[in-house]
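Please treat every number below as a calculation from the coordinates, not as lab data. Values in this document were obtained by computation on a predicted structure and should not be read as measured data. Every residue, glycine as well, gets a Cβ built from its backbone with ideal geometry; the counts of neighbours run over all protein chains shown.
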Amino acid sequence: MKTLDIGIAGAGPAGLAAALMLSRRGHRVELLERFKEASPVGSGLMLQPTGLTVLDTLGLLQPMLALGSRIDRLYGADAKSGRTVLDVRYGALASGRFGLAVQRAALFNTLHDAVRGAGLKVRTGVTLTGARVEADKAVLLDAER
Ligand SMILES: Cc1cc2nc3c(=O)[nH]c(=O)nc-3n(C[C@H](O)[C@H](O)[C@H](O)COP(=O)(O)OP(=O)(O)OC[C@H]3O[C@@H](n4cnc5c(N)ncnc54)[C@H](O)[C@@H]3O)c2cc1C
């Protein structure tokens, strides 16, 4: 497979995970983040089985499990009437799946540490504005270009 130079817009969970996946496939990857410092946004997250499968593929599931709380059932009731409005069990899915409640910082730090550990470049303070197609490649454009 041809080795590509890949620029990834944004060092959020998706960008960090994509960078790890692509670099493990042998591509040269650089993350471009508009914030001065890559950091988590928001407070908590509920990771679904799909996201947990991605973390497992990256070898990061065990550290995340240690930092989160397993969810086997989602239950909600109307505060006044007590009527059940939501009752979903992960056990209904195949192969013992479950959700995981984590702090955003825990997810971000786990992925960001792995990106740093892999020696991947994260360029901060770069706001991407678009992409230009040049011959056989696309070039990401920032506010300076
Ligand atoms: C209130 C709230 C609650 C949520 N709860 C959940 C939940 O429980 N479970 C769940 O799975 N999801 C939840 N989500 C959705 C979750 O936030 C997103 O799925 C997740 O953050 C997406 O990750 P991402 O990496 O794609 O984007 P983001 O986390 O938004 O990261 C994008 C990154 O790209 C950078 N960026 C953006 N534009 C540019 C640019 N032009 N140039 C350079 N850098 C750029 C940003 O600064 C940021 O760092 C919630 C969202 C909100 C708002």
Worksheet entry | Karplus-derived 3J(HN,Hα), 6.51/-1.76/1.60, for each residue of the range 25-30, Hz, glycine and proline x | 7, x, 7, 8, 10, 9
Worksheet entry | Rounded tilt (10° steps) of 13-24 against the dominant C-alpha axis of the chain | 60
Worksheet item: Against the longest principal axis of the chain, how steep is helix 104-117, in degrees 0 to 90 to the nearest 10, with axes from Cα atoms?
Response: 40
Discussion item. Working only with C-alpha atoms, what are the Rg and Dmax values of the range 5-142, expressed in angstrom?
Written reply: 18.5, 64
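Let me spell out the model: positive unit charges on the Cβ of Lys and Arg, negative unit charges on the Cβ of Asp and Glu, origin at the Cα centre of the chain. What dipole size does that give, in debye rounded to 20?
Details: 19 positive and 13 negative charges, 32 e Å.
For the chain, the charge dipole is close to 160 debye.
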Discussion item. Sort 14-22, 28-36, 132-140 by packing, meaning the average of other beta carbons within 10 Å per residue, with the highest value first.
Written reply: 14-22, 28-36, 132-140
Discussion item. Let me see the P(r) profile for the range 69-126: every Cα-Cα distance counted, bins of 10 Å, each bin given as a percent of all pairs.
Written reply: 18, 26, 26, 17, 11, 2
Worksheet item: Given Ala101, Met21, Leu120, which one lies farthest toward the positive end of the charge dipole of the range 5-142, if we put +1 on the Cβ of every Lys and Arg and -1 on the Cβ of every Asp and Glu?
Response: Ala101
Fill in: Beta bridges per DSSP with both ends in the chain, % antiparallel, nearest 5
65
Practice prompt. Rounded to the nearest 500, what is the 222 nm mean residue ellipticity of the chain from helices alone, with -39500 (n - 2.57) per DSSP H run of 4+ residues and division by all residues?
Written response: -8500 deg cm²/dmol
Practice prompt. Kindly rank 37-46, 87-96 from highest to lowest mean number of other beta carbons found within 10 Å of each residue.
Written response: 37-46, 87-96
